[in-house]
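Shown next, in structure tokens, is the structure this report addresses.
The values are calculated or read from the model by the stated rules, or taken from the named source; none is laboratory data. Treat the numbers as computed from the prediction; the structure is a model and nothing was measured. Here Cβ is always computed from backbone atoms with ideal geometry, including for glycine, and neighbour counts include all displayed protein chains. In case anyone asks, the SASA skips ligands and DNA or RNA and just uses the protein heavy atoms, side chains included. Shrake-Rupley method; radii C 1.70, N 1.55, O 1.52, S 1.80 Å.
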Amino acid sequence: MAVTKVGRVVLTVTDLDEAVRHYTETMGLSVTTRRAGEAYLRLPGDQDHHNLVLQQSDRASLASFGLKMSDPGDLEELELVAGRAGADVRRVSAGEHPGLGEAVVFRLPSEHEVWAYHDIEHIGWAGGMENPDPVPEDATAGTVHAQRIDHVAICAPDVGDLATFLTEVLDFDSSEILIGPDGRPGATWMYCTNTMHDIAVVPGPGAGLHHVSFAADSRAAVINGIDTLRHRGVPTMDFGLTRHGIAGVTTTYFHDPSGIRNELFFGPYPTPGVPGQVPPVEWEMAEFARGAFYYENELDMAFMTEIT
Ligand SMILES: [Fe+2]
């Protein structure tokens with residue numbers, strides 16, 4: 001069983017039209033399906049029908065996120081393993097949701113709903129799948145050119161418990177661990193793909209979302225992205241351009257119109273091979289300010305504690 005990526009993120013938003021405008025005109029996604037109360041969007045660096053689903057609601061939240069499995073048989077295996085680990089598991093039939101095949105749905109110990117799936121409608125690259133032009137028409141001109149969903153940063157009342165579940169049930173591993181005062185993980189950066197994190201786990205309330213991160217294709221693209229955000233009147237919260245000491249990535253944070261924190265970043269290091277092949281870096285609490293914000297070398301508690 002293998003998770004190939006965090007393939008879809010489902011957000012509830014308080015104004016669907018405004019949210020669609022933000023994720024298309026500012027971020028560079030395109031709408032593949034729009035129906036009453038929800039919109040399905042995809043990123044240019046991904047071939048699937050959708051990577052982001054926006055649902056109208058009276059509050060902003062992370063409704064669920066999706067893990068794309070490498071083999072159709074993984075769903076059955078996951079049903080067994082997650083059930084054995086104490087999760088309630090249900091099935092969603094193929095075709096119930098636009099573009100999506102059968103899914104196995106369960107909750108993590110942190111209360112986040114996860115949809116594991118293998119089949120999703122294939123759309124392909126913007127330049128086509130046969131003899132593509134490497135320079136296709138730029139449908140994302142004027143946006144920050146977000147390429148892919150890189151990771152979700154989710155909250156757990158007990159970081160160690162969730163890390164154990166992700167490791168034992170879903171075969172994730174940690175690339176970086178903040179060691180808490182009690183010697184257990186205070187936060188952890190976990191991967192299933194070939195970059196250093198697909199899920200970051202930070203302390204906070206169950207089902208909470210800290211941010212959804214979008215990959216830029218260069219460091220310069222993050223800088224240019226900040227220009228675009230400013231130009232479109234999106235404040236870059238909570239910093240302008242900065243780097244995380246953790247993995248040294250170049251990053252900026254801001255909010256979508258419903259207050260959901262987005263990240264645009266570049267530069268995670270590779271974690272080649274299967275999980276377990278890259279021994280984790282450990283951070284001491286005393287050094288964490290540098291690990292979190294390399295330039296500022298201080299923790300912004302509003303940033304740390306503001307959760308959707
Ligand atoms: Fe992040």
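Per-residue answers, yes or no, for (1) away from the ligand (no atom under 15 Å from the Cβ); (2) open to solvent by 60 Å² or more (accessible area, probe 1.4 Å); (3) within 29 Å of Thr12 (Cβ to Cβ); (4) free of Cβ contacts under 8 Å to residues at least 60 places away in the same chain:
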| site | (1), (2), (3), (4) |
| --- | --- |
| Ala247 | no, no, no, no |
| Thr251 | no, no, yes, yes |
| His255 | no, no, yes, yes |
| Asn262 | no, no, yes, no |
| Pro268 | no, no, yes, no |
| Glu282 | yes, yes, no, no |
| Met285 | yes, yes, no, no |
| Gly291 | no, no, no, no |
| Asn297 | yes, yes, no, yes |
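In the set (1) within 13 Å of the ligand (Cβ to nearest atom); (2) at pLDDT below 95, Arg232 fails one condition alone, (1). The residues of the stretch 114-159 that are within 16 Å of the ligand (Cβ to nearest atom) and more than 21 Å from Phe214 (Cα to Cα), listed by number, are Ala156, Val159. Among the residues of the stretch 170-192, is there at least one that is more than 16 Å from the ligand (Cβ to nearest atom) and polar (S, T, N, Q)? No, there is no match, as no residue in the stretch 170-192 is more than 16 Å from the ligand (Cβ to nearest atom) and polar (S, T, N, Q).
Give me the residue from the stretch 70-116 that is among the β-branched types (Val, Ile, Thr) and without any contact (Cβ under 8 Å) to a residue 40 or more places away in the chain and, out of that set, farthest from Thr167 (Cα to Cα). Here the answer is Val92. Report yes if Gly206 is open to solvent by 10 Å² or more (accessible area, probe 1.4 Å), at pLDDT 95 or above and not acidic (Asp, Glu), otherwise no. Yes. When residues in the stretch 140-166 are screened for being of a type outside the set (D, E, K, R), free of Cβ contacts under 8 Å to residues at least 60 places away in the same chain and more than 16 Å from Met27 (Cα to Cα), 8 of them pass. Looking at the stretch 197-215, is at least one residue within 12 Å of the ligand (Cβ to nearest atom) and in a loop (DSSP other than H, G, I, E, B)? Checked the stretch 197-215: at least one residue is within 12 Å of the ligand (Cβ to nearest atom) and in a loop (DSSP other than H, G, I, E, B). Taking the stretch 24-139 and the strands (runs of 3 or more DSSP E) fully enclosed by it, the elements with 3 or more residues that are among the hydrophobic types (A, V, I, L, M, F, W, C) are at 52-56, 61-69, 103-107, 113-117.
Scanning the stretch 48-67 for residues being out of contact with any Leu (no Cβ under 8 Å at 6 or more places or on another chain) and either open to solvent by 40 Å² or more (accessible area, probe 1.4 Å) or without any contact (Cβ under 8 Å) to a residue 60 or more places away in the chain (or both) gives a total of 4. Note on the stretch 219-229: residues that are touching a Gly at 6+ places or on another chain (Cβ under 9 Å) and either within 11 Å of the ligand (Cβ to nearest atom) or among the polar types (S, T, N, Q) (or both) total 1.
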